[in-house]
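Reviewing the structure listed below.
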Amino acid sequence: MPSQRNYRIIIAGAGPAGISTALHLAQIAPELIPHILVLEKARHPRPKLCGGGLLPDAEVILRHLGLDINEAPHTDVDWAHFDFEGKGMRMRGEKGGRFAFRTIRRPEFDAWLAARARARGILVQEDTCITGVLAGEEEVLVITSQGEYRAAALVGADGSNSVVRQAVAPGKRRGKPRLARLLEVVTGPGAELSPHLQPDSYFDFFVAPHGIQGYTWDFPALEKGKPARVRGVYDSNIHDLEPDMTLREALAQEFARHGLDLADYRLESHPIRWFETGDTFSAPRLLLAGDAAGVDALFGEGISPALGYGAIAAEAIREAFARDDFSFTGYRRRILSHELGKALRRRTWFARFFYSLRSPVIQSILWRRCGPLIEWIVRKWLIGWAGREERKRAS
Ligand SMILES: Cc1cc2nc3c(=O)[nH]c(=O)nc-3n(C[C@H](O)[C@H](O)[C@H](O)COP(=O)(O)OP(=O)(O)OC[C@H]3O[C@@H](n4cnc5c(N)ncnc54)[C@H](O)[C@@H]3O)c2cc1C
């Protein structure tokens, strides 16, 4: 436990958003490294409910940070299928690419990321739960299970149920909470009875006509070195609808199609906060990143956005120190003008539009007949933002 209690920067949470913020800071302002403290309530490798789907955008950011995903256990997913009741289209993350995306298991991936940050001199203090935040004019006071810490700036990268967020937007709880609902289960491969190809991933939108604004998923993965499937159901919860089936019933129906009984498995749930342009992302001395700020409403894809937020937060912090101005008034503009912010904004828009289409006929036409159009939209507007941002900066 460090005896020091004063830092220039404290980062709440050692998930992808927090560690990415620290790594980007180490890259663009190495003089700050000894002055950064990452506080994490758990201890790596800690459990984290997640499908672990890692899109090429995440790998672009990791490469930019000098990190190679091949160092961490992962699975190459051959094709991503987008179906309605078991039939639809398939695509890969990059046109002509060798795979659709990769899957990682989060305890291993996040522990690897945290170890890389430590290797670059970042102090990551685990078993320290932040319980309160008081942002004053001169500093921010961070109250934790291990005592109090002070910093010039605090980054809230503490996930969907962020404590820092409560200090950034106190009392701003009006309206519908922007939280997607998810259930997840890890099973064996179960190849014998499943209609799914084992190297492929599947998203099935059969739940849409039932008022569940999302899909069921089935990804290949390595669980403790053994082949497994990570399955679940996602409900963006973006419209006020009364579903006529529960998430559990939806997943049970999908399991039955694979010859599995959901009752035999341990179900877990966790929310994802999705991005909304009008949200509050900062306050004087406070910034939000990753799930704490809001990620993808359409698919619930949050790992690459969390890594992307790290770059944006790090730049905002570097500028704050350079100007000695910790108001962070330009942070929303910074997010919205970044290719990540543009992609997240579009995904929220598409989620609102797409999840209003409850007709089974429309869902079936979309996925079974409109494959090339959907693929074009996805590539042009929704993914590939990390490469676009890199090219923008290089030009
Ligand atoms: C079921 C499920 C499936 C998903 N599948 C995918 C997927 O396949 N692909 C994808 O891209 N995204 C997926 N996501 C979303 C993805 O997991 C998140 O968007 C991503 O983890 C966000 O990263 P983060 O660093 O912002 O937050 P987190 O990963 O939640 O990290 C936050 C960290 O902060 C710590 N923390 C929390 N509170 C405190 C506190 N008070 N004090 C100190 N530390 C604290 C936590 O322990 C944690 O380590 C899924 C999410 C769920 C729930």
>> Show me the helices (runs of 4 or more DSSP H) entirely contained within region 264-379 in which 3 or more residues are within 14 Å of the ligand (Cβ to nearest atom).
In response: 303-323, 339-354
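Please state which one of R346, R332, R369, R323 is surrounded by fewer than 24 Cβ atoms within 10 Å (Cβ to Cβ) and either under 17 Å from A12 (Cβ atoms) or touching a residue at least 40 places away in the same chain (Cβ under 8 Å) (or both).
Exactly one residue qualifies, and that residue is R332.
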>> Looking at region 300-314, can you tell me whether even one residue there is over 26 Å from G132 (Cα atoms), among the acidic types (D, E) and in contact with a Gly (Cβ under 8 Å, 6 or more places away or on another chain)?
In response: yes
>> All but one of (1) near the ligand (Cβ under 9 Å from one of its atoms); (2) out of contact with any strand residue (DSSP E or B) (no Cβ under 7 Å at 6 or more places or on another chain) hold for E31; state the number of the condition that does not hold.
In response: (1)
>> Let me confirm something: among P195, P209, P177, which residue is in a loop (DSSP other than H, G, I, E, B) and either away from the ligand (no atom under 16 Å from the Cβ) or in contact with a Ser or Thr (Cβ under 8 Å, 6 or more places away or on another chain) (or both)?
In response: P195
> Among (1) assigned to a strand (DSSP E or B); (2) modelled with pLDDT of 95 or more; (3) over 19 Å from K87 (Cα atoms), where does F219 come up short?
Replying inline: (3)
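The values are calculated or read from the model by the stated rules, or taken from the named source; none is laboratory data. No experiment lies behind these values; they were computed from the predicted model shown. Virtual Cβ from ideal backbone geometry, glycine too; neighbours counted across all protein chains shown.
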